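Student: Mind looking over this structure? Questions follow.
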Amino acid sequence: MSKLLNLKSAIVFVLVLTLFAAQVSVAQSADQQGANKATSAAKPKPTDKGKANKQAQKREGKAAKNEGINQGINFGKYDFEGLKAEAAKTGKFILIDCYTTWCGPCKQMSRTVLRDSAVGAFYNAAFVATDLDMEAGEGPAIGTQYNIKAYPTYLLLDAQGTLLHRGVGAMSVERFINLGKAALDPAKRLTTWQARFSAGERSVGFFSQYADLLHECGLPANAEYRSFTATIAPDSLSKKPYWKLYAKLGDLSLKTELAYVIANLKALKRIYGANAVEAKISGMYWQPLLKAYQVGGPKSPDFLKLDSAFRKTKITNADLIADGVIYSAVDIEADPMAYLKAVDMFYKKQPNQLDPWWLERANDLILKTDNKVALTKAYTWVDRAVEHLPDLFFAQYLNARYQLALGRKAAAQKSLVLAQKLAEPDSPDAELVRVLALRVKQAKK
């Protein structure tokens, strides 16, 4: 039991630590800015002449730095018909930057990659380009026509408006130029690969590359994968190239394949490892279970059917995972009290749960709400875990966070001292303690 407890504690520690990685990064950034300010303040003030020279050097350096982003893509203001006419007139292809005004990656690309001189030199030579707000003017119609689901999407078309290739999301300069090169190369175009698939090409090597290409283009590959599986026997899943595709694209609609996996669970675990196989099975069931619960509740036929099928898979902790839907279906931010109730219901069905589980649930809550009533009741979970796991860093750290959230500054400081002793020097844990200590120091008594 002790070994099991330690193992569970270690797993929880790793999982939860990642949730705070962003906080550490922000804290480190703030600290660095503070250090820079302190260094700047310590330097003697330059003379007016020296200051002027320094400012001139700064302007020159900034100009040099920006030289590569002053001659990017020439985006013209065309409607779609005008864009095609211009492409036909100049003998060029078409690039459409499909963006929205609220899209962060769109703005990032516009500020950087799309203004890069190398990008401009490549695209201006071969493409007529325009940028299009997908929520205004012709945007919605273009979005429907080309099945645009994410932003930014880059459409690369011929002069008739026929899709050749496409890309999705923020990219590096090199990758964005390669996107355009693929559109110019018939062998690399998305449409060429789509034609090969439509013509019946089904080798595992071809389909693996095709599925990756669809993903890069922001397109689902589920329908294509179902077509692919129709040409292979279920026992092909015992071969790694086929399993790799199933692990990425298999879903509950592939009943024959799922039946094969369940019937040959032990053999597949020996080949690919128990964790990989069980993660695939639970992953396929999790979202459908969650959706069925949210739509119809715990007694709906759809949920009960899925729930029963999942539990019968006999994977490790199937019952535990299925019961977890109870609290996972609750929107903590919208109704933290409902989350508390759901967690209590879960525990009644799983009375042998180890204490680190309570830390996970408490962490979920404190990350998403500042509701004092909810946090006060959830603190009993933290208190329980601290009582049984006093030497677990995250138990003491989360205890300090809760104490601070509940206005108990002295208790928070006490837990922080214990957490600091448990943290390795110069580790992410130590940084978490340092950042929280600053918050505690600034808090009112």
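Student: Tell me, yes or no, whether segment 109-127 has at least one residue that is at pLDDT 95 or above and more than 25 Å from Val168 (Cα to Cα).
Tutor: The answer is no; no qualifying residue exists.
Student: Could you look through segment 81-101, keep only residues that are in a loop (DSSP other than H, G, I, E, B) and within 14 Å of Ala125 (Cα to Cα), and pick out the one that is nearest to the chain's Cα centre (by Cα)?
Tutor: Going through the qualifying residues, I end up with Lys92.
Student: Assess whether Ala125 counts as being surrounded by fewer than 18 Cβ atoms within 10 Å (Cβ to Cβ), free of Cβ contacts under 8 Å to residues at least 60 places away in the same chain and over 27 Å from the mean Cα position of the chain (by Cα).
Tutor: Judged against the criteria, Ala125 is a match.
Student: Kindly check whether there is at least one residue in segment 315-327 that is more than 18 Å from Val382 (Cα to Cα), of a type in the set (S, T, N, Q) and part of a helix (DSSP H, G or I).
Tutor: Checked segment 315-327: no residue is more than 18 Å from Val382 (Cα to Cα), of a type in the set (S, T, N, Q) and part of a helix (DSSP H, G or I).
Student: Looking at segment 108-117, is at least one residue out of contact with any Cys (no Cβ under 7 Å at 6 or more places or on another chain) and within 16 Å of Leu184 (Cβ to Cβ)?
Tutor: Checking segment 108-117: not a single residue is out of contact with any Cys (no Cβ under 7 Å at 6 or more places or on another chain) and within 16 Å of Leu184 (Cβ to Cβ).
Student: Could you tell me which residue of segment 140-165 is surrounded by the fewest Cβ atoms within 10 Å (Cβ to Cβ), considering only residues that are under 16 Å from Ala126 (Cβ atoms) and under 27 Å from the mean Cα position of the chain (by Cα)?
Tutor: Leu155
Student: A follow-up question, please. Just a yes or no: is a residue in segment 330-338 part of a helix (DSSP H, G or I), surrounded by 19 or more Cβ atoms within 10 Å (Cβ to Cβ) and β-branched (Val, Ile, Thr)?
Tutor: no
Student: Determine whether Leu268 is closer than 21 Å to Thr313 by Cα, touching a helix residue (DSSP H, G or I) at 6+ places or on another chain (Cβ under 8 Å), not assigned by TED's automatic domain parsing to the domain that holds Thr144 and not in a loop (DSSP other than H, G, I, E, B).
Tutor: Criteria met by Leu268.
The values are calculated or read from the model by the stated rules, or taken from the named source; none is laboratory data. Just so we're clear, the structure is a prediction, and the values are computed from it rather than from any experiment. Quick reminder, even Gly has a Cβ in these numbers, built from the backbone with ideal geometry, and neighbours come from all protein chains shown.
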